1. Out of the residues in the range 108-134 that are without any contact (Cβ under 8 Å) to a residue 24 or more places away in the chain and among the aromatic types (Phe, Trp, Tyr), state the one that is surrounded by the fewest Cβ atoms within 10 Å (Cβ to Cβ).
2. Which helices (runs of 4 or more DSSP H) does the range 17-107 wholly contain that include 3 or more residues that are within 23 Å of MET134 (Cα to Cα) and touching a residue at least 40 places away in the same chain (Cβ under 8 Å)?
3. Go through the range 1-37 and count every residue that is of a type in the set (Asp, Glu) and within 26 Å of HIS86 (Cβ to Cβ).
4. Is it the case that LYS59 is surrounded by fewer than 16 Cβ atoms within 10 Å (Cβ to Cβ) and in the same structural domain as SER93 (by TED's automatic domain parsing)?
5. May I ask you to verify whether LYS81 is of a type in the set (Lys, Arg), surrounded by 14 or more Cβ atoms within 10 Å (Cβ to Cβ) and at pLDDT 95 or above?
Amino acid sequence: KDVISTLEPLEGALDILNWIRKESQIILLSDTFEEFAKPLMAKLNYPVLLCHSLTIDEKGNITDYNLRIDNQKKEAVKALKTLNYHVIGFGDSYNDIGMIQEAHQGFFFNPPDSVITDFPDIPVTKNYQELKTMIGSLLKP
């Protein structure tokens, strides 16, 4: 916890989250664990975060990890779609592909070159301004 609490959000992350929350809604789908993410989520004004959890014993030791379900990002998008939500999905790596492809509109945000090469048909945004422009264009009727 001490180490995790020293982490700071990327510069501009809080601003883009606040902009998205003003324009629409956002749910962060992550393969992290609640216990690791809590200090960082506090610095981002507690966005909705769906992720995994840890089992911690009375001494504070991690004794197990608890994955929600297999392919939880893609399954979360499917569930939101069954509730008639329009889903825009974006992420930065291979573990986001299923979510991006399942979303009504999906794209990468600042992925490594290998991901861009392996998935050339998925649009790419490289910085927060491009991200804002992309989301803004997708939210327009």
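The values are calculated or read from the model by the stated rules, or taken from the named source; none is laboratory data. Fair warning: this is a prediction, and the values are worked out from it, not measured in the lab. Methodologically, a virtual Cβ is constructed for each residue, glycine included, from the backbone with ideal geometry; neighbour enumeration extends over all protein chains shown.
1. Among them, the one singled out is PHE119.
2. Numbers: elements: 34-43, 72-82, 97-102.
Ranges flagged: 72-82.
3. Residues meeting the conditions: 3.
4. Criteria not met by LYS59.
5. Yes, satisfied.
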